[in-house]
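Peer 1: Quick one: the structure is below, and I'll ask about it shortly.
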Amino acid sequence: MKLSQLFAKTKKETPKETEVISHRYLTRADFIEQSFSGVYRFLPLGFRVLKKIEKIIREEMLNLGAQEMYLPVLQNKNLWLETDRWQTIDPPLFKLKDRHKKEIALGSTHEEEITDIVRHRVKSWQDLPLYLFQIQDKFRNEMRASGGLLRTREFLMKDLYSFHNSEKDLINFYNKVKKSYFRIFKRCGLKAVCVEASPGTIGGKLSHEFMLISEAGEDKILICKRCGFGANIEKVGKIKKCPKCRSNLEKKNCIEVGHIFNLGIKYSKIMGARYLDKNGKSKPIIMGCYGIGLSRLMAAVVEINHDKKGIIWSKEISPFDIHLIEIGGGQENKIKNETEKLYKNLGREGIEVLYDDRDKSAGEKFVDADLMGIPIRIVISEKTLEKNCVEVKKRDQEKVRLVKIDQISNYKF
């Protein structure tokens with residue numbers, strides 16, 4: 001993609017409404033734009049990052065043996081009445097009426113929907129275990145949207161649901177999901193901690209959150225450096241000593257990037273989702289629920305991985321692999337021709353390149369490159385061409401390397 005053709009206009013000044021680093025940089029680099037409070041537009045750069053996060057999550061879900069589906073945003077009020085959550089879920093549902101004056105909810109979560117699907121299909125212990133997931137927009141009627149993408153009213157989310165015929169089988173899968181979540185966050189360039197949490201209005205017997213330690217976070221956790229225990233303060237209150245080893249606990253601000261639940265039989269019992277065991281006895285299906293907010297995860301990456309110049313994307317979720325810059329080139333000169341040639345060669349090798357072909361100063365191009373945060377910057381100039389080289393710099397390092405143009409394809413980025 002040539003930058004002159006990319007639909008993106010970077011901003012020199014920080015927009016007034018931005019509160020945290022991720023909101024500031026994602027807006028300045030033109031990855032996102034606020035439509036109104038808690039609702040955001042994902043522009044081409046932001047959409048590319050979102051799709052790469054989605055790809056990582058989908059791969060990990062499929063590796064768990066989960067099957068993907070897509071459930072409706074418009075949800076049946078009667079299902080919510082079955083579980084008595086039509087009025088009680090927090091944040092409350094967005095509700096509307098159709099032209100027949102029938103009440104409908106915008107989906108904030110899908111426990112009722114998925115349980116309804118499964119209760120009409122699973123009949124026997126032989127149908128279990130079963131793992132189903134989707135990646136879809138959610139709508140939550142937050143009292144106060146804040147922190148850019150960290151707390152919004154509309155967001156993209158992956159939710160996975162598992163169905164089992166024993167508590168042992170659920171716990172085994174629950175632990176597999178934990179490991180999968182750590183892989184997801186690592187591939188996004190993050191190191192998360194897993195802590196005990198309150199199930200809230202989703203409910204269930206057991207719950208864990210995946211947290212990133214950050215001053216921008218609204219959640220507060222207590223962690224023990226000695227034994228590794230961690231818990232959300234909502235879960236344990238303001239205790240001083242670790243309940244496992246009695247060491248002192250440290251309080252940290254965090255961003256929640258994932259939440260998993262052992263639902264037990266909460267929904268299956270109420271909604272009649274049952275199966276026949278090996279002895280022909282009818283039992284409620286045991287369930288688990290596992291969520292990751294993709295748009296929040298995108299913001300969390302920026303909160304953790306940035307410097308005073310801009311974003312630092314990890315390789316797997318960066319909008320492009322390489323930011324290619326020409327310096328001092330006219331339309332017909334050698335610099336332009338060599339840069340165009342390298343751009344095409346890298347593209348043929350499947351490398352995603354953002355080529356800054358604009359008629360701008362070197363300083364302006366470098367500022368935009370640092371702001372956008374693509375992991376590798378390659379510069380071609382009169383100075384580099386004198387040595388038949390290009391200048392290669394990693395976004396998270398200051399060191400600059402000269403690499404022969406004819407060897408760039410073999411260079412270990």
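The values are calculated or read from the model by the stated rules, or taken from the named source; none is laboratory data. Because the structure is predicted, anything quoted here is derived from the model rather than measured. Note that we place each Cβ from the backbone using ideal geometry, even for glycine, and neighbour counts take in every protein chain shown.
Peer 1: If Gly204 satisfies every condition in (1) farther than 24 Å from Leu93 by Cα; (2) in contact with a Lys or Arg (Cβ under 9 Å, 6 or more places away or on another chain) but one, which is the exception?
Peer 2: (1) is the only condition that Gly204 fails.
Peer 1: Output the residues belonging to the range 371-386 that are among the basic types (Lys, Arg) and modelled with pLDDT under 95.
Peer 2: The one that is among the basic types (Lys, Arg) and modelled with pLDDT under 95: Lys383.
Peer 1: Just to confirm my filter: which helices (runs of 4 or more DSSP H) fall fully inside the range 307-413 and include at least 1 residues that are of a type in the set (A, V, I, L, M) and closer than 28 Å to Arg24 by Cβ?
Peer 2: In the range 307-413, the matching helices (runs of 4 or more DSSP H) lie at 362-372.
Peer 1: Among (1) surrounded by fewer than 22 Cβ atoms within 10 Å (Cβ to Cβ); (2) assigned to a helix (DSSP H, G or I); (3) acidic (Asp, Glu), where does Glu112 come up short?
Peer 2: Condition not satisfied by Glu112: (1).
Peer 1: As an exercise: evaluate Gly147 against (1) at pLDDT 95 or above; (2) crowded, with 19+ Cβ neighbours inside 10 Å and give the number of the one condition it does not meet.
Peer 2: So the condition that Gly147 fails would be (1).
Peer 1: Still on this model: Filter the range 39-74 down to the residues that are out of contact with any Pro (no Cβ under 9 Å at 6 or more places or on another chain) and either among the basic types (Lys, Arg) or not assigned by TED's automatic domain parsing to the domain that holds Tyr161 (or both) and list them by number.
Peer 2: Initially, the range 39-74 is screened for residues out of contact with any Pro (no Cβ under 9 Å at 6 or more places or on another chain), giving 39-43, 50-51, 53-64, 66-74.
Result: Arg41, Lys51, Lys55, Arg58.
Peer 1: If Asp307 meets every condition in (1) within 32 Å of the chain's Cα centre (by Cα); (2) closer than 30 Å to Thr14 by Cα; (3) crowded, with 16+ Cβ neighbours inside 10 Å apart from one, which number is that one?
Peer 2: Here Asp307 meets the rest and fails (3).
Peer 1: Quick one: is Gly230 over 16 Å from the mean Cα position of the chain (by Cα), surrounded by 14 or more Cβ atoms within 10 Å (Cβ to Cβ), farther than 26 Å from Gly107 by Cα and not hydrophobic (A, V, I, L, M, F, W, C)?
Peer 2: When the stated conditions are applied, Gly230 passes them.
Peer 1: Which ones in the range 45-73 are farther than 20 Å from His120 by Cα and either among the small types (Gly, Ala, Ser) or free of Cβ contacts under 8 Å to residues at least 40 places away in the same chain (or both)?
Peer 2: Gly46, Phe47, Lys51, Lys55, Glu59, Leu62, Gly65
Peer 1: I'd like the full set of residues that are at pLDDT below 95, in contact with a Ser or Thr (Cβ under 8 Å, 6 or more places away or on another chain) and small (Gly, Ala, Ser), limited to the range 207-257.
Peer 2: Ala216
The rows are residues; the columns are (1) assigned by TED's automatic domain parsing to the domain that holds Lys394; (2) under 23 Å from Gly46 (Cβ atoms).
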position	(1), (2)
Val301	no, yes
Ser314	no, yes
Ile335	yes, no
Glu349	yes, no
Leu354	yes, yes
Ala362	yes, no
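Peer 1: I would also like to ask the following. Determine which single condition Gly148 fails, assuming it passes every other condition in (1) touching a residue at least 12 places away in the same chain (Cβ under 8 Å); (2) of a type outside the set (D, E, K, R); (3) farther than 26 Å from Ala29 by Cα.
Peer 2: The failed condition is (3).
Peer 1: Now for a different question. Output the number of residues of the range 270-299 satisfying the condition of being surrounded by 15 or more Cβ atoms within 10 Å (Cβ to Cβ), out of contact with any Ser or Thr (no Cβ under 6 Å at 6 or more places or on another chain) and among the basic types (Lys, Arg).
Peer 2: The qualifying residues number 2.
Peer 1: While we're here: Looking at the range 129-141, which of the residues that are surrounded by 15 or more Cβ atoms within 10 Å (Cβ to Cβ) and out of contact with any helix residue (DSSP H, G or I) (no Cβ under 8 Å at 6 or more places or on another chain) is nearest to Val177 (Cα to Cα)?
Peer 2: Top of the filtered list is Gln134.
Peer 1: Going by what's in this entry, would Gln126 be described as under 20 Å from Pro92 (Cα atoms) and in the same structural domain as Gly264 (by TED's automatic domain parsing)?
Peer 2: no
Peer 1: Oh, and also: Of the conditions (1) surrounded by fewer than 16 Cβ atoms within 10 Å (Cβ to Cβ); (2) in contact (Cβ under 8 Å) with a residue 12 or more places away in the chain, Lys97 fails just one. Which one is it?
Peer 2: All conditions are met except number (2).
Peer 1: Any residue in the range 103-114 that is under 12 Å from Leu74 (Cβ atoms) and at pLDDT 95 or above sitting within a Cβ distance under 7 Å of a residue that is among the hydrophobic types (A, V, I, L, M, F, W, C) and in a helix (DSSP H, G or I)? List the pairs, counting only those 6 or more apart or interchain.
Peer 2: So the pair list comes out as Ala105/Trp80; Glu113/Leu79.
Peer 1: Answer yes or no as to whether Gly38 is at positive phi and in contact with a strand residue (DSSP E or B) (Cβ under 8 Å, 6 or more places away or on another chain).
Peer 2: Criteria met by Gly38.
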